[in-house]
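Quick notes on the structure that follows.
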Amino acid sequence: MATETNGNDQDISEKLKGLQLPQRPENSVTGKIIYWVGVVFALTHIYFNTLGTWSELYVAAIHFSGFAFLCALMVPVFNSSNVAKQKLALVLDLLLGVAAVACALYLIGFEDALYDRGVKFVPWDWVFSISAIFIALEMARRTTGWFIPCMILVALTYVFWWGQYIDGMFGFAGLSLETLLYRSYFSSEGMFGQIARISWTYVFMFILFGAFLVKSGAGDFIIDLSRCAAGRFVGGPGFVAVLGSGLMGSVSGSSVANTVSTGVITIPLMRKAGFPARFAAGVEAAASTGGQLMPPVMGAGAFIMASYTQISYLDIIAIAALPAFLYFLSVGFFVRVEAKRSHAHAVEIDTRTLGEVFKGGWHFLLPLVVLVSLLIYGFTPTYAAGISIISVVVSSWLSKHPMGIKEILDSLAQGSRNMATTAMLLISVGLVVNVVAMTGIGNTFSLMVTEWAGGSLLITLVLIALASLILGMGLPVTAAYIVLATLSAPALYGLMAESRLLDLIATGTLPDAAKTIFMLIDMDKVS
């Protein structure tokens with residue numbers, strides 16, 4: 001029986017690891033290249049976010065090239081057990097990664113020449129602009145599947161091809177392919193625009209902070225704390241999954257990383273306590289998804305939200321605290337109901353007291369205190385994350401396992417690996433945002449929603465919430481928010497102006513109204 005249980009646990013562990021993208025072995029030559037490129041690129045981004053004075057367009061291009069190179073090496077173009085095919089895949093991936101670097105260098109080196117020609121394309125402009133877009137789509141395909149690249153292709157072809165054949169409000173006269181490529185590749189409104197800037201600033205620094213925190217041992221402390229606090233109750237392993245995923249989400253901001261790190265422990269424990277296997281997996285999935293909502297380190301969508309709405313990140317995490325608590329409370333409620341229904345029993349999973357566990361890991365809370373304190377005192381999220389990274393290293397010196405040079409390098413490399421897929425997602429979705437800006441389709445969509453709602457702000461919010469649920473079925477959280485916010489913002493803005501809500505916000509009478517609206521959109525999509 002014990003052998004069967006161990007086999008099941010190992011099977012669960014393998015399935016959870018399957019949630020992650022297929023990657024090449026870290027002990028291979030390619031793995032070492034990924035490691036050191038990740039370290040160098042993390043240090044480069046720290047420089048750009050602190051002392052660098054480069055053009056934001058150039059930094060975004062470098063950001064794209066480096067993470068496209070990493071992504072190409074990390075996630076092979078195809079998987080095969082055949083050695084010859086593996087070598088072929090590696091060659092193709094190296095060529096694609098080098099091409100991404102060449103696209104960035106061409107933009108930096110020849111942007112001025114393009115303007116000297118009066119924005120008239122020469123053959124190399126066509127080659128590199130099309131190559132950059134193709135690489136962005138391919139990296140999005142590797143990391144998120146076919147939905148996003150297909151959506152981007154539909155959006156791009158709408159601009160120069162099939163939009164002119166549509167009658168009615170969604171018809172578009174069309175722009176030339178040259179104009180589309182210029183706006184997508186050379187301008188600061190396309191794939192290297194606002195979304196890319198958020199990616200290489202806020203998002204990268206917070207993902208790096210999470211990597212440092214987990215490497216310092218905070219992840220193990222969170223799991224131990226959750227097991228000790230909730231493990232002894234009836235249905236305790238289920239509560240451990242909820243509490244552990246919530247706490248882990250507060251530092252990682254990644255649903256998949258959350259599931260893999262906590263699920264490998266909590267799912268076998270839930271099955272041992274008597275929970276059905278499907279329910280155990282469902283609880284872990286639901287609890288880990290909530291990691292996107294859990295302050296202070298939320299998902300990338302929170303930083304996009306802060307930039308779009310011009311609301312401080314501190315305000316957003318403050319508003320998210322109560323909904324996140326209610327979300328995890330509701331998951332815990334269903335754990336309790338299922339525990340009664342399936343007669344789940346308590347499982348002794350940690351003999352230490354809560355005080356003993358906390359005493360051994362209290363210093364892991366110091367970086368979070370530093371982060372929140374800096375945000376409260378008005379420092380930018382990028383600066384707060386940078387100082388908090390330093391505080392992680394310093395606070396680790398209070399433990400039995402202080403971080404040294406190796407641990408710091410490992411954290412830098414892991415932060416870059418964690419960022420690669422997110423960066424490719426954000427940069428590729430930036431192409432859709434550019435299409436919306438060029439065509440004005442956002443205003444058209446907003447007009448349609450307003451007409452359907454009959455000018456009612458409440459009905460408009462309900463329609464947008466339904467749209468967010470539908471988009472969330474096929475898009476990651478961040479991509480769904482970017483698309484929906486870009487399309488629906490004009491409608492919300494217009495209706496709020498008509499109802500004089502904007503006047504109330506401007507005078508400070510209703511400071512949280514607009515914030516709550518945008519949070520509700522994102523919350524509906526996630527849940």
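I need the full set of residues from region 439-489 which are part of a loop (DSSP other than H, G, I, E, B), closer than 24 Å to Thr421 by Cβ and without any contact (Cβ under 8 Å) to a residue 40 or more places away in the chain, in order please.
Across region 439-489, there are no qualifying residues.
List every residue pair whose Cβ atoms sit under 8 Å apart, with the two residues 6 or more apart in sequence or on different chains, where the first one lies in region 267-296 and is over 22 Å from Leu314 (Cα atoms) and the second, anywhere, is of a type in the set (Val, Ile, Thr) and assigned to a loop (DSSP other than H, G, I, E, B).
As it stands, the answer is Leu269/Val347; Leu269/Ile349; Lys272/Val347; Ala273/Val347, since those pairs meet every condition given.
For region 121-135, enumerate the residues that are without any contact (Cβ under 8 Å) to a residue 24 or more places away in the chain and in contact with a helix residue (DSSP H, G or I) (Cβ under 8 Å, 6 or more places away or on another chain).
Trp124
Given the conditions (1) closer than 26 Å to Tyr481 by Cα; (2) modelled with pLDDT of 75 or more, and given that Ala280 satisfies all but one, which numbered condition is not satisfied?
(1)
Has region 396-412 got any residue that is of a type outside the set (S, T, N, Q), farther than 30 Å from Leu374 by Cβ and in contact with a Ser or Thr (Cβ under 9 Å, 6 or more places away or on another chain)?
No, there is no match, as no residue in region 396-412 is of a type outside the set (S, T, N, Q), farther than 30 Å from Leu374 by Cβ and in contact with a Ser or Thr (Cβ under 9 Å, 6 or more places away or on another chain).
Of all residues in region 372-412, how many are among the hydroxyl-bearing types (Ser, Thr, Tyr), over 17 Å from Ser312 (Cβ atoms) and touching a residue at least 40 places away in the same chain (Cβ under 8 Å)?
Looking only at that region, the number is 4.
Given the conditions (1) in contact with a Phe, Trp or Tyr (Cβ under 8 Å, 6 or more places away or on another chain); (2) more than 30 Å from Ile376 (Cβ to Cβ); (3) modelled with pLDDT under 80, which single one is not true for Tyr308?
Against the list (1) in contact with a Phe, Trp or Tyr (Cβ under 8 Å, 6 or more places away or on another chain); (2) more than 30 Å from Ile376 (Cβ to Cβ); (3) modelled with pLDDT under 80, Tyr308 comes up short only on (2).
Looking at (1) surrounded by 12 or more Cβ atoms within 10 Å (Cβ to Cβ); (2) charged (D, E, K, R); (3) at pLDDT below 85, can you tell me which one Arg336 breaks?
Single failed check for Arg336: (3).
Among the numbered criteria (1) closer than 18 Å to Glu284 by Cα; (2) crowded, with 22+ Cβ neighbours inside 10 Å, which single criterion is violated by Ile195?
If we test Ile195 against (1) closer than 18 Å to Glu284 by Cα; (2) crowded, with 22+ Cβ neighbours inside 10 Å, just (1) comes out false.
Is it the case that region 407-422 has a residue that's of a type in the set (D, E, K, R), surrounded by fewer than 20 Cβ atoms within 10 Å (Cβ to Cβ) and either assigned by TED's automatic domain parsing to the domain that holds Phe134 or under 30 Å from Gly97 (Cβ atoms) (or both)?
yes
How many of the residues in region 82-135 are part of a loop (DSSP other than H, G, I, E, B) and more than 17 Å from Arg183 (Cα to Cα)?
Here the count works out to 1.
Under 30 Å from Phe379 (Cα atoms), buried (at least 16 other Cβ atoms within 10 Å of the Cβ) and either at pLDDT 95 or above or touching a strand residue (DSSP E or B) at 6+ places or on another chain (Cβ under 9 Å) (or both) - does that describe any residue in region 67-86?
Looking through region 67-86, at least one residue is under 30 Å from Phe379 (Cα atoms), buried (at least 16 other Cβ atoms within 10 Å of the Cβ) and either at pLDDT 95 or above or touching a strand residue (DSSP E or B) at 6+ places or on another chain (Cβ under 9 Å) (or both).
Given the criterion more than 30 Å from Gly38 (Cβ to Cβ), free of Cβ contacts under 8 Å to residues at least 40 places away in the same chain, of a type in the set (Val, Ile, Thr) and part of a helix (DSSP H, G or I), identify the matching residue among Val369, Val331, Val337.
Criteria check complete, one pass: Val337.
Among the residues of region 265-317, write down those that are out of contact with any Asp or Glu (no Cβ under 7 Å at 6 or more places or on another chain) and part of a loop (DSSP other than H, G, I, E, B).
Across region 265-317, the qualifying residues are Gly274, Pro276, Leu293, Met294, Pro295, Pro296, Val297, Met298, Gly299, Gln310, Ile311, Ser312.
If the Cβ limit is 6 Å and pairs must be 6+ apart or interchain, which residue in region 153-166 that is in contact (Cβ under 8 Å) with a residue 24 or more places away in the chain and in the same structural domain as Arg141 (by TED's automatic domain parsing) pairs with which residue that is surrounded by 14 or more Cβ atoms within 10 Å (Cβ to Cβ) and part of a helix (DSSP H, G or I)?
Ala155/Val432; Ala155/Val435; Val159/Leu180; Val159/Val435
For a quick check of your reading: which helices (runs of 4 or more DSSP H) sit entirely within region 137-251 and have at least 2 residues that are acidic (Asp, Glu)?
218-230
The values are calculated or read from the model by the stated rules, or taken from the named source; none is laboratory data. This one's a predicted model, so the numbers in the text were calculated from it and none came from an experiment. Backbone-built Cβ (ideal geometry, glycine too); neighbour counts: all protein chains shown.
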